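Some notes on the structure that comes next.
The values are calculated or read from the model by the stated rules, or taken from the named source; none is laboratory data. None of these values were measured; they are calculated from a predicted model. Ideal geometry is used to build each Cβ from the backbone, glycine not excepted, and the neighbour counts take in all protein chains shown.
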Amino acid sequence: MALLKKAQIQTGETIAVVIIVVFIIVLGIVFYFNFMSGTIDEDRQRASDLDSVSTAIFVSKLNELKCSRAASASFICFDLYRVKAFNESLNEPMIGSVYHSLIGYANATIRTYYPEQGKEYTFYSYEPSNITGERSSFIPVLLSDPVENKKYFAYLEVKVFS
């Protein structure tokens, strides 16, 4: 009889140890997957930030908008009239589809800062039907008005939608 009780106690202890080990393993798996989901979210956000910056750099390098004078070669310089003409040319379906495929869902606006503050020139706008998120990138630029021979300090804001 005593031997049977001892065997039952040892079996109970073994079952308790197995339950505790399984519980610790399950707890470790839960923590691991929570950590990995946080890392995946961070990677997704980092990729979205990089996409926004690369789109802003692409837009700032468009030759169609650049100043024609060589004196402005050291700055990112946009010609005001080229910006306006570019915006109007996007209304043509063939041209618009080319730039929509290159730039994607985004909104590009130049805002003057000095000497006149507050002028806005939106020259690209292609928004999705349902916006789940947006990232903005800002690049300082020089906006040149060759007709009035004026130059404005401005910034280019490129919003990329997802």
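Odds and ends about this structure:
- Lone unmet requirement of (1) part of a strand (DSSP E or B); (2) at pLDDT below 90 for E116: (1)
- Scanning region 119-136 for residues that are farther than 20 Å from E64 by Cα and in contact with a strand residue (DSSP E or B) (Cβ under 7 Å, 6 or more places away or on another chain) yields a count of 7.
- Residue check for N87: more than 12 Å from L65 (Cα to Cα) and not small (G, A, S): no
- Subset of region 1-54 (residues that are under 30 Å from L156 (Cβ atoms) and of a type in the set (V, I, T)): V53
- Looking only at residues of region 96-125 that are of a type in the set (V, I, T) and surrounded by fewer than 14 Cβ atoms within 10 Å (Cβ to Cβ), we find that the one that is nearest to D49 (Cα to Cα) is T122.
- Among the conditions (1) part of a strand (DSSP E or B); (2) farther than 16 Å from I139 by Cα; (3) not aliphatic (A, V, I, L, M), T109 misses just one, which is (2).
- Among residues of region 83-106, those that are out of contact with any Phe, Trp or Tyr (no Cβ under 6 Å at 6 or more places or on another chain), assigned to a helix (DSSP H, G or I) and in contact (Cβ under 8 Å) with a residue 40 or more places away in the chain, counted: 2
- Extreme residue, modelled with the lowest pLDDT, among residues of region 63-80 that are part of a helix (DSSP H, G or I) and surrounded by 14 or more Cβ atoms within 10 Å (Cβ to Cβ): S72
- Residues in region 119-142 that are of a type in the set (A, V, I, L, M, F, W, C) and at pLDDT 90 or above: F123, F138, I139, V141, L142.
- Filter pass, I24 being under 30 Å from A108 (Cα atoms), out of contact with any strand residue (DSSP E or B) (no Cβ under 7 Å at 6 or more places or on another chain), part of a helix (DSSP H, G or I) and among the β-branched types (V, I, T): no
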